[in-house]
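The values are calculated or read from the model by the stated rules, or taken from the named source; none is laboratory data. Bear in mind the structure is a predicted one, so any value in this text is a computation, not a measurement. Here the Cβ positions follow ideal geometry from the backbone for every residue, glycine too, while neighbour counts run over all protein chains shown. Only protein heavy atoms, including side chains, enter the accessible area calculation; ligands, DNA and RNA are left aside. Shrake-Rupley method; radii C 1.70, N 1.55, O 1.52, S 1.80 Å.
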Amino acid sequence: MKVIFHLGAHCTGEDRLLKSLLKNQGALTPQGIIIPGPSRYRRLIRQTLGALNGAAPSHNEQRALLTQITDELTVKRLILSAADFLAFVPWIFRHQTLYGKAPEVTAALGNLFSDASIEFHLSIRNPATFIPAVFGVTTGLTLDKFLYGTDPYSIKWSNLIKQISNANPRARVVVWQSEDCPMIWSRVMHNLTGTAEALPLQGEEDILGDRLTNEGLKLYLNYLAANPPKTGRHKQRIINAFLEKFPNPAPAPAGTIPDGWTPEMVEELTDLYEQDLVEISKIPAVKLIHP
């Protein structure tokens, strides 16, 4: 059995991705690919981790947990999604770094299914827009209190990914940029479900529609129906061609520039993010999905 933990991150379209995946429950369940509704496991996993308090569950406890998450008898691939696995939003920077408890938390998540192969999937986002976005969903906090003294210039997704990988040496880690989602949504879904990229999935175009004009989306869907792509790369080329010919201007990133930030600071954080992407591409055992 494989267990896939989709870790968010917060404000990267994480719940929208889960909704797209859930559209395929009927088709994928007979194949042993199980995508439970979040009410079956989000609170349950938090409570289980709290009760274990760092201890590893027994084999019987692991089986009992699985039966609470799904009623299916054949489970080859189990997909569990929650950005709050890593931390609740107000605590993202609680340890003066990005998701500071991630190594311990991901190791504990993996231990819940120690007999399974584990994968962690993570969407990342430019700190220049990530910080305002996640701060924007908090209440009763100033930005300084939310950051717990974390220097925005010090935020590196590569450090977080390395920590997760080092804490889970046998696990596979898959990463993508949320900024690329309109172009790679289909591939992200296929990586999560472990299905061939040429296999159609419901919801593959959920995000693409945001970046194509109405006419472009209609023509794109008609083209796919008449010319089914043979591979994932082939479909990527088709998507890129339609995005180039029928672009719908990308919406402005959610969240306003925080007080005290300048356009120059946003540009500098963006430059650092782009440099960090190069570092991520060099991390062994990490798959980076890109257009």
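Observations on the model:
- Ignoring lysines fewer than eight residues from residue 145 along the same chain, the ones with Cα atoms less than 29 angstrom from its Cα are 101, 156, 162.
- Calculated accessible area for the chain comes out at 49 Å² per residue, all protein chains present (probe 1.4 Å; ligands, DNA, RNA ignored).
- With every protein chain in place, segment 62-127: carbon and sulfur % of accessible area (1.4 Å): 49
- log₁₀ of I(q)/I(0) at q = 0.11, 0.16 Å⁻¹ - segment 134-261, Debye sum with one point per alpha carbon: -0.59, -0.96
- Intensity falloff of the chain expressed as log10 I(q)/I(0), Debye formula with alpha-carbon point scatterers, at q = 0.07, 0.13 Å⁻¹: -0.28, -0.96
- Among complete DSSP H helices in the chain, those whose alpha-carbon atoms stretch at least 27 Å along the helix's long axis and whose mean Kyte-Doolittle hydropathy reaches -1.0 are 263-281.
- Sparsely packed loop sites in segment 184-288 (the trypsin sites (Lys or Arg not before Pro) outside DSSP H, G, I, E and B with at most 12 other Cβ atoms within 10 Å) comprise 230, 282.
- Both radii were evaluated on the Cα set of segment 1-151; the Rg over Rh quotient, with Rh as the Kirkwood radius, amounts to 0.99.
- Within the chain, antiparallel bridges make up roughly 5 percent of the DSSP beta bridges whose residues both belong there.
- What the Cα convex hull of segment 158-209 gives, in volume per residue, is 83 Å³.
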